[in-house]
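Worksheet for the structure shown next.
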Amino acid sequence: MDNEVKASDASLKEDLKHIVRIANTDLDGHKSVHYALTGIKGVGIRAARIIADCAGIDPNTTIGYLPNADIDKLKEIVDSLDSNLPYWMLNRQKDLLTGENKHIIGTDLLLTLREDINIMKKIRCYKGIRHERGHKVRGQRTRSTGRKGAVVGVSRKAAKKQPQKKQK
């Protein structure tokens, strides 16, 4: 009986897909479904749970052990997130150009974010100017925090040498 259990464990290890590809993203096959889906840009933990529920898959199962049919279901649902998520959960509400509500994932999310920042810079709005100058954009304090760059302070040796030169 122990040999049968060991044989089934070995077959499970062989069936594991170490990398699962969904939405042009490589996901770790050792993670559970709802945590693995968060590896896709634009999909958080709540959206991942909704995706798993829509596909009829237990969110706690390891994604590497899923059959190809279930992975195909996940791919279809991820590609059509606009219809599967409520409108208040979409990450692109009232799009600047089209005015529609949609959910953007992957590299499209990064490109649209960069394009939005470029539009703000072009129209010279307050946020665009702050982005251009590299300042904080959302009203944070800047007097003492958020210092960038390596500004070298006065070192002790340099401070001691300067008064000696002035005395001569």
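Laboratory data are not the source of any read-out in this text; all were calculated from the coordinates shown. Please read all numbers here as calculations on a predicted model, not as lab measurements. When we count neighbours, we look across all protein chains shown, and the Cβ atoms used for this are built from the backbone with ideal geometry, even at glycine.
In this label model, Trp88 and Lys127 are separated by 2.1 nm, measuring between points 7 Å along each Cα→Cβ vector.
Highest mean packing first, where packing is the average number of other Cβ atoms within 10 Å per residue, the peptides 104-110, 135-141, 118-124 line up as 104-110, 118-124, 135-141.
Rounded to whole Å, give me the distance from the Cα center of the range 75-89 to that of the range 130-144. Taking the Cα centre of the range 130-144 as reference, the centre of the range 75-89 is 34 Å away.
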